[in-house]
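*Asks:* Could you have a look at this structure, given as structure tokens, before my questions?
The values are calculated or read from the model by the stated rules, or taken from the named source; none is laboratory data. All of these numbers come straight from a predicted model, not from anything done at the bench. Here the Cβ positions follow ideal geometry from the backbone for every residue, glycine too, while neighbour counts run over all protein chains shown.
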Amino acid sequence: MIILSFVAIGLHTFFNFTSIPMQELIVYLHSSIFMLGIVYAYAHDKHVRIDIFYQNKSTLVKKRINFFGTLFLLIPFSLFLFYASYNYVVSSWSKLEGSAEPGGLPFVYGLKSLLLILPVLLIATALVSLWRKR
């Protein structure tokens with residue numbers, strides 16, 4: 001993604017050439033990295049926390065915060081995200097939606113599928129996490 005970004009900027013700056021598919025591919029890669037990176041960060045306990053409340057707590061309190069945060073925040077949010085995105089993604093797949101730009105990438109529906117993949121992976125990871133830390 002970084003190399004493609006440099007190439008796209010270089011082509012535009014030095015040759016006044018812009019490639020719509022290249023720009024869209026950069027956006028697709030960027031979106032994919034973030035959507036799947038969320039799951040990776042959560043699975044490896046590297047996600048963002050509000051450390052002002054968390055850092056000085058005992059191990060038992062941290063476990064409880066993680067347990068209840070996962071149970072009452074992460075899982076419900078993931079279920080809501082899946083529910084809210086479902087029709088949007090199904091509609092995109094039913095049309096095999098492509099880019100609105102001429103010459104753009106033809107698989108927007110694949111990118112939008114990440115809106116369903118993310119919550120499923122988050123819920124699965126959360127359940128595994130809850131199971132391991134019980």
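*Asks:* If we keep just the residues of segment 5-40 that are hydrophobic (A, V, I, L, M, F, W, C) and under 10 Å from the mean Cα position of the chain (by Cα), which is nearest to residue 115 (Cα to Cα)? Quick ask: steps written out before the conclusion?
*Replies:* Within segment 5-40, the subset hydrophobic (A, V, I, L, M, F, W, C) is 6-9, 11, 14-15, 17, 20, 22, 25-27, 29, 33-36, 38-39.
Checking which are under 10 Å from the mean Cα position of the chain (by Cα) leaves us with 33-36, 38-39.
Numbers: 33: 13, 34: 11, 35: 8, 36: 10, 38: 12, 39: 12 Å.
Ranking the candidates gives 35 first.
*Asks:* Confirm whether residue 103 is at positive phi and either modelled with pLDDT under 95 or touching a Leu at 6+ places or on another chain (Cβ under 9 Å) (or both). Full working, then the answer.
*Replies:* Numbers: at positive phi: yes; either modelled with pLDDT under 95 or touching a Leu at 6+ places or on another chain (Cβ under 9 Å) (or both): yes.
So residue 103 fits the description; yes.
*Asks:* Further question: Considering only segment 43-60, I want to know if a residue exists there that is of a type in the set (Ser, Thr, Tyr) and either at pLDDT 90 or above or within 17 Å of residue 120 (Cβ to Cβ) (or both).
*Replies:* Within segment 43-60, the subset of a type in the set (Ser, Thr, Tyr) is 54, 58-59.
This time we only want the ones that are either at pLDDT 90 or above or within 17 Å of residue 120 (Cβ to Cβ) (or both), so: none.
Within segment 43-60 (the criterion being of a type in the set (Ser, Thr, Tyr) and either at pLDDT 90 or above or within 17 Å of residue 120 (Cβ to Cβ) (or both)), the answer is no, since none of the residues qualifies.
*Asks:* Exactly one condition in (1) under 20 Å from the mean Cα position of the chain (by Cα); (2) hydrophobic (A, V, I, L, M, F, W, C); (3) part of a helix (DSSP H, G or I) is not met by residue 48; state its number.
*Replies:* (3)
*Asks:* To continue, here is another question. Applying the selection to segment 76-108, what residues are in a helix (DSSP H, G or I), more than 15 Å from the chain's Cα centre (by Cα) and among the hydroxyl-bearing types (Ser, Thr, Tyr)?
*Replies:* 83, 86, 88, 91, 92, 94
*Asks:* Got a number for residues in segment 1-27 being in contact (Cβ under 8 Å) with a residue 40 or more places away in the chain and in contact with a Leu (Cβ under 6 Å, 6 or more places away or on another chain)?
*Replies:* The number of residues fulfilling the criteria is 2.
*Asks:* Can you find a residue in segment 80-88 that is under 30 Å from residue 51 (Cβ atoms), surrounded by 15 or more Cβ atoms within 10 Å (Cβ to Cβ), in contact with a helix residue (DSSP H, G or I) (Cβ under 6 Å, 6 or more places away or on another chain) and in contact (Cβ under 8 Å) with a residue 60 or more places away in the chain?
*Replies:* No, every residue in segment 80-88 fails to be under 30 Å from residue 51 (Cβ atoms), surrounded by 15 or more Cβ atoms within 10 Å (Cβ to Cβ), in contact with a helix residue (DSSP H, G or I) (Cβ under 6 Å, 6 or more places away or on another chain) and in contact (Cβ under 8 Å) with a residue 60 or more places away in the chain.
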